Amino acid sequence: MTNERWLDEETFKCVVEHTPLVSIDLIVENKNGEILLGKRKNRPAKNFLFVPGGRILKGETILEAFNRITLSELGKMIPISAAEFIGVFEHFYDDSFFGSDITTHYVVLAYKLVNIYDLNLPKLQHAEYLWLSSESILGREDVHPYTKAYFVGETK
């Protein structure tokens, strides 16, 4: 992938202000049935625990985006064939990467990855990582409601 797909900050700000963004969220489950969450460093959802994920870039196929996002968010490229498509979700935020004066709207493609191990988790987007059960995720106030939505009705 070339840097041509990345927008300069002013152009990206205009896009965030006027259009929805398309992204992929990764619901990563280990062999113990626990889900990987990271404490977000950036807006939106700053300081909340959230599943890893990222935006799909202009001109990038979903497959290319999935490969790039798993590598950048998990430190390991995982083929999309190893994932289960969970569904399409919408996330609306009162703020954005640019602050509280611009809202953010995401159309999210959610994928579940099971029995994932040997991850090299980066600290660029998340300050810390936790592996939590679905029940724990639903019970914690520091887990973002959009992350909780992936687990409603899934507790055993």
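If you filter the range 56-78 down to residues that are modelled with pLDDT of 95 or more and surrounded by fewer than 12 Cβ atoms within 10 Å (Cβ to Cβ), you find that the one that is farthest from T19 (Cα to Cα) is L63.
Here S81 fulfils each of the conditions (1) outside any helix (DSSP H, G or I); (2) without any contact (Cβ under 8 Å) to a residue 40 or more places away in the chain; (3) among the small types (G, A, S) apart from (1).
If you go through the range 83-95 and keep only what is surrounded by 14 or more Cβ atoms within 10 Å (Cβ to Cβ) and not acidic (D, E), you end up with A83, I86, F89, H91, Y93. None of Y146, Y111 is outside any loop (DSSP other than H, G, I, E, B) and touching a His at 6+ places or on another chain (Cβ under 9 Å) except Y146. Within the span defined as the range 14-34, one or more residues are surrounded by 13 or more Cβ atoms within 10 Å (Cβ to Cβ), touching a Pro at 6+ places or on another chain (Cβ under 7 Å) and in contact (Cβ under 8 Å) with a residue 12 or more places away in the chain. Close contacts from the range 57-73, counting a first residue that is free of Cβ contacts under 8 Å to residues at least 24 places away in the same chain and a second that is surrounded by 15 or more Cβ atoms within 10 Å (Cβ to Cβ), with Cβ to Cβ under 9 Å and a gap of 6+ residues or different chains, come to L63/I80; N67/I78; N67/I80; L71/I78.
Return yes or no: is I86 farther than 17 Å from W131 by Cβ, assigned to a helix (DSSP H, G or I), at pLDDT 95 or above and within 14 Å of the chain's Cα centre (by Cα)? Here the answer is no, as I86 does not meet what is asked. For the range 74-121, filtering for residues that are farther than 23 Å from K13 by Cβ and either out of contact with any Lys or Arg (no Cβ under 9 Å at 6 or more places or on another chain) or not hydrophobic (A, V, I, L, M, F, W, C) (or both) leaves 22. Please work out which residue is surrounded by the fewest Cβ atoms within 10 Å (Cβ to Cβ), limiting yourself to the range 98-156 and to residues that are over 15 Å from the mean Cα position of the chain (by Cα) and of a type in the set (K, R). By that ranking, first place goes to K156.
The values are calculated or read from the model by the stated rules, or taken from the named source; none is laboratory data. Please read all numbers here as calculations on a predicted model, not as lab measurements. For neighbour counting, all protein chains shown are included, and Cβ atoms are generated from backbone atoms with ideal geometry for every residue, glycine included.
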